[in-house]
Structure formats: C-alpha cells, structure tokens
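Data first, discussion second: the structure below is written as structure tokens.
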Amino acid sequence: MHKIGVIGDKDSVLGFKAIGLYVYPVTTAEQAESTLKKLAKDDFAVILITEQMAMQIPDTIDRYKTTPFPAVIPIPNNSGSTGFGIKNVKANVEKAIGSDIIFNDK
Amino acid sequence: MAVMRVNPTRMELTRLKKRLVTARRGHKLLKDKRDEMMRRFIELIRKNKDLREEVEEELTKALKSFVLARAAMQGEIIEEAILMPSRTMTLELSKRNIMSVDVPVIKFSDDNAENITAFPYSFASTSGELDGSISTLTELMPKILELAEIEKTCNMLADEIEKTRRRVNALEYVMIPQLEETIKYITMKLAENERGNITRLMKMKELLADKN
C-alpha cells in the first residue's frame, strides 16, 4: 500500500486533502526540504510538490530522480505554472539526446 | 592513440586479440541498446510533454476555483469540511523493464471503492464552487498519476541513455583504437625480431662456412 503526498503552500494544497491525499503545508524551503526527505523515507510512491517550492530545492529533488520511487512531480500552484516542470522535461531531452529536438518548435 | 605498456610477446598478442573481439561485440550491443532506448525515450518524452501541459493547465484551473471557493466561505467551515476525507487514495506499484531499466508502474488500489462519495462533507454549509473544484481534482488524479509514471520513466531513461552513450563512446574512441594500435605494435615488433633472428642465422652460417 503506497500513498500520495502533497507539499506546498497551504492555499494550493488544501484541495488535495479533500480527495484523500496526504497533505503537508509548508511555507519555507527548509520545511519543504525536510518534509520531502521524510516522505521519501516513508512509503510514499508519488510526491507532488508545488513548482514554487520545488524551484527552491532543486538539489534535493534531483536526488530522487534516478531511483524508481518516490516519483517527485512538480505541479503548478494556484497562481499558475512557472514553467519549472516543463523545464525539467526539456533538461531530460537534452541529457538523453544531446540537443533539444522536441521543444525547438517554440 | 597511445600504445599500451605491454610486453611484445605472442601470448600478449593472443590476449589482446581476444580483448578486441570482446570490446567490438560489447560496443555493438551497447550501441543497439542506446538506439532502442533513444527510440522509446522520444516516444515517451513527447507524451510526457503533452500530458504535462494538459495537467498543468487543468490543475491551475482547478486550484484557482478552489481558491475562489475558499474565498466565498469562512475559513473554519472549509477546514472543517475537508478535514476528514471520506476516502484515502492509495497506490499499487509494480515495475516494468525497459531495456534493463526498472521503471515504475503506478495504479490506484482496488479498494478505492467508487461508491464512496468524493465529497467528505454535507452540502448544507459549503458552496457549490467547492464541489466543482473537488470533483475536477478527483477527475484529474488519474492523469496526474500517469504523468508521474511517465515523467519518472523519462528521468530514469535519460540517465541510463547518458550512461550508455558514455560507455559506447569510451569503447569506440578509446578502447578499440588503443587495442588495435597495441596489436599492430606487437605484430611489428615480433616481425622485426624474426627478421633480426634470420639475419643472425644467415651471418652465422656464412661464418661457419668460411671457417670450414
């Protein structure tokens, strides 16, 4: 049995609580970092983290990138997307292929 | 390319030739692995991009409507309404093997009974906007999970492709040329020794013939 966790500012994550996810409101990067580490040790398979928080702790997020679990997924918060999530996808393309062939139409 | 520091002997030559064969075979295999992973990766990353754009857009909408719902209601009431969720979403995990990379497969557990209502509160004290945003969030969850699965897969594949590419390049541009060079060096050295030997023998024969 594995759980889904949500980390982010309270306004953005409260909605997820209603649908049965485990919600951890945080306000600072340090809190976000320690919560993420704690959840990763626990049996959380998917951890959603708001882009605004994720941007501040890229090193911690990178650490979980190549292990099968947990999947740390940046999501937009209520003020919209910052492009952090898409940037990660782009970085993957560059890492694997060497040059960006998917996004160059923009 | 530098020649390896080896003794120019026949034994060494046989050993190096064997290594060269192995290196070539490994190079071919790794190259095939890299190409196939690249193909899978490109498929997945396209899907990843589309899905992420879709999820980001819809999620932003859902969260915005949630904020509106919050604004329309008193803080305590909304907290009370969603404090105790009627169900918890749990996941079932398994693994899938893509070119010897173990990637996760994420599914909802079966015990998420569909007949339990998504709304953990009575409708009396809450606003309609809240219902709306919660039901969109519920509908979005499968997509978010799919995104999680694909994005994780892409992360892992990208990492593995990078590693494989390095190995391929190391074999192609360092190992194999070095081995070839060394084999050539040993062959030439052995041939040179052989020539030296023959000359010496001929000289000896001449000397002996003169003496007699």
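Structure summary
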quantity: Residues located in the stretch B:147-164, provided they are over 19 Å from B:K31 (Cα atoms) and either free of Cβ contacts under 8 Å to residues at least 12 places away in the same chain or of a type in the set (D, E) (or both); calculated: B:E149, B:E151, B:N155
quantity: Some residue of the stretch B:157-168 being within 24 Å of B:R5 (Cα to Cα) and either at pLDDT 90 or above or surrounded by 12 or more Cβ atoms within 10 Å (Cβ to Cβ) (or both); calculated: yes
quantity: Residues located in the stretch B:81-94, provided they are more than 7 Å from chain A (Cβ to nearest Cβ) and either part of a loop (DSSP other than H, G, I, E, B) or under 21 Å from B:G132 (Cβ atoms) (or both); calculated: B:A81, B:L83, B:M84, B:S86
quantity: Unique residue being modelled with pLDDT of 90 or more and either surrounded by fewer than 19 Cβ atoms within 10 Å (Cβ to Cβ) or within 11 Å of chain A (Cβ to nearest Cβ) (or both) when the list is B:K61, B:K17; calculated: B:K17
quantity: Hey, A:M55 closer than 18 Å to B:L145 by Cα and surrounded by fewer than 18 Cβ atoms within 10 Å (Cβ to Cβ) or not; calculated: no
quantity: Of all residues in the stretch A:1-44 being more than 21 Å from A:F69 (Cα to Cα) and among the small types (G, A, S), the one that is surrounded by the fewest Cβ atoms within 10 Å (Cβ to Cβ); calculated: A:A29
quantity: Residue in the stretch B:36-56 that is surrounded by the most Cβ atoms within 10 Å (Cβ to Cβ), counting only those that are without any contact (Cβ under 8 Å) to a residue 60 or more places away in the chain and either in contact with a His (Cβ under 8 Å, 6 or more places away or on another chain) or facing another protein chain (nearest Cβ under 8 Å) (or both); calculated: B:E56
quantity: Among residues of the stretch B:64-80, those that are in a helix (DSSP H, G or I) and surrounded by fewer than 20 Cβ atoms within 10 Å (Cβ to Cβ), counted; calculated: 11
quantity: So A:N92, is it under 12 Å from the mean Cα position of the chain (by Cα) and surrounded by 18 or more Cβ atoms within 10 Å (Cβ to Cβ); calculated: no
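The values are calculated or read from the model by the stated rules, or taken from the named source; none is laboratory data. Not measured: the values here are computed from a predicted model. Cβ sites come from the backbone with ideal geometry, for glycine too, and all protein chains shown count toward neighbours.
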